[in-house]
Amino acid sequence: MKQEREEKTGKSEDSRHHPLEGLVCLVTGASRGIGRAIATAVAAAGAAVAINYHHSEKAALALKEELTASGRQAIAVQADVSDAAMVDLMFLQVEEQLGTVDLLVNNAGIAFKALLTDTTDEDWARLLAVNLTGPFLCSRRALPSMIRKRFGRIVNIASMQGVCGASCEAAYAASKGGLIALSKSLAAEVGPSGITVNAIAPGPVFTDMLCQDLDEGELAELLSLLPVGRWGQPEDIARACLFLLSPQNSFVNGSVLALDGGWKA
Ligand code: NAP
């Protein structure tokens with residue numbers, strides 16, 4: 001395996017410290033929250049990282065500065081992942097500056113809480129566009145070069161809501177359930193080409209997304225339901241993502257890894 005990777009990257013490496021050395025990783029929605037933690041972990045593991053953002057340019061550039069100052073290779077690339085033309089342009093920028101994408105983390109996502117009867121056509125369409133069409137567009141764009149190299153890793157950040165469903169979150173849960181089905185289907189389709197596709201299904205992780213729709217009382221009630229007695233942290237998700245991105249873990253394919261502290265949505 002090491003020899004195979006050394007041939008691919010053209011350099012010897014200490015696989016314990018920099019297991020992703022020589023690889024290029026694109027993390028969508030990496031300006032904040034879980035994506036930011038994943039980009040940081042991936043860079044520390046030796047990959048060159050492309051930090052995708054939509055609106056938070058300042059935060060994305062700050063992360064890029066932080067990573068490059070610590071000797072890592074990083075760029076920031078703007079794109080709305082639901083827009084095919086912007087996704088294509090983003091990949092062209094990554095390919096020009098870092099090389100073709102070996103590791104894709106489809107993390108960008110939006111949340112939405114409402115009764116189904118209060119969910120508008122626009123709400124529904126936007127949820128599916130960002131949370132499901134985005135990963136479809138990015139995966140479709142990333143796959144040809146992965147297939148040519150006969151190596152690739154795709155990790156989709158889904159949600160426990162996509163596994164269990166949740167009241168007043170039908171659109172969000174449907175988008176994440178769709179993402180899990182996309183992951184499993186693609187895993188079967190591209191597994192023979194040396195590419196693995198897995199999903200992570202987080203429970204409540206303490207980020208802007210978690211706090212945006214819940215008041216203090218609701219947060220306390222939710223926390224009391226978590227068997228481990230604490231919120232998930234973005235770094236919890238990043239550690240699992242590193243495992244799934246590792247070239248060593250080629251037998252983990254089509255899995256849905258629940259990271260929920262024992263909580264069930
Ligand atoms: P967050 O703090 O709200 O951050 C969301 C990120 O996604 C931001 O970087 C944002 O970029 C980006 N994004 C949103 N729409 C985008 C678009 N159209 N194109 C490109 N980027 C876009 O959320 P988070 O909690 O870190 O969530 C990350 C992922 O984990 C999401 O897919 C979410 O559904 C999933 N998840 C989260 C939790 C949780 O409890 N936090 C639980 C389960 C699953 P800009 O700021 O640049 O616009």
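The values are calculated or read from the model by the stated rules, or taken from the named source; none is laboratory data. Keep in mind the model is a prediction, meaning the values are calculated, not measured. Glycine also receives a Cβ, built like all others from the backbone with ideal geometry; neighbour counts cover every protein chain displayed. We work out accessible area using only protein heavy atoms, side chains counted, and drop any ligands, DNA or RNA first. Shrake-Rupley method; radii C 1.70, N 1.55, O 1.52, S 1.80 Å.
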### Summary
The correct count of residues that are open to solvent by 60 Å² or more (accessible area, probe 1.4 Å) and either in a loop (DSSP other than H, G, I, E, B) or closer than 24 Å to LEU244 by Cβ (or both) in the stretch 209-223 is 3
### Test for SER250: is it touching a residue at least 24 places away in the same chain (Cβ under 8 Å), open to solvent by 20 Å² or more (accessible area, probe 1.4 Å) and more than 16 Å from the ligand (Cβ to nearest atom)
yes
### Total residues in the stretch 194-208, condition more than 11 Å from the ligand (Cβ to nearest atom) and either open to solvent by 20 Å² or more (accessible area, probe 1.4 Å) or without any contact (Cβ under 8 Å) to a residue 40 or more places away in the chain (or both)
1
### Query
Of all the residues that make up the stretch 73-87, how many are within 13 Å of LEU26 (Cα to Cα) and within 14 Å of the ligand (Cβ to nearest atom)?
6
### Task
Give the residue that is least open to solvent (accessible area, probe 1.4 Å), with candidates limited to residues of the stretch 55-72 that are within 9 Å of the ligand (Cβ to nearest atom) and among the aliphatic types (A, V, I, L, M).
ALA60
### Task
Kindly indicate whether GLN212 is out of contact with any helix residue (DSSP H, G or I) (no Cβ under 9 Å at 6 or more places or on another chain) and within 12 Å of the ligand (Cβ to nearest atom).
yes
### Query
Of the numbered conditions (1) touching a Cys at 6+ places or on another chain (Cβ under 9 Å); (2) within 10 Å of the ligand (Cβ to nearest atom), ALA114 satisfies every one except a single condition; which is it?
(2)
### Message
Can you list residue pairs whose Cβ atoms sit under 8 Å apart, with the first residue in the stretch 22-36 being touching a residue at least 24 places away in the same chain (Cβ under 8 Å) and more than 16 Å from ALA48 (Cβ to Cβ) and the second being within 6 Å of the ligand (Cβ to nearest atom) and acidic (Asp, Glu)? Count only pairs 6 or more apart in sequence or on different chains.
### Response
ARG32/ASP208; GLY33/ASP208
### Task
From the list GLY152, GLY162, GLY134, GLY109, pick out the single residue that is away from the ligand (no atom under 16 Å from the Cβ), surrounded by 22 or more Cβ atoms within 10 Å (Cβ to Cβ), under 24 Å from ALA201 (Cα atoms) and not aromatic (Phe, Trp, Tyr).
GLY152
### Query
Residues that are under 22 Å from PRO234 (Cβ atoms): which helices (runs of 4 or more DSSP H) entirely in the stretch 28-98 hold 2 or more of them?
33-44, 57-69
#### Entry: Subset of the stretch 165-182 (residues that are open to solvent by less than 40 Å² (accessible area, probe 1.4 Å) and away from the ligand (no atom under 13 Å from the Cβ))
GLY165
### Criterion (touching a residue at least 60 places away in the same chain (Cβ under 8 Å) and farther than 27 Å from HIS17 by Cα) met by exactly one of PHE151, PHE112
PHE112
### Summary
Note on the stretch 195-215: residues of a type in the set (S, T, N, Q) and within 20 Å of VAL228 (Cβ to Cβ) are THR207
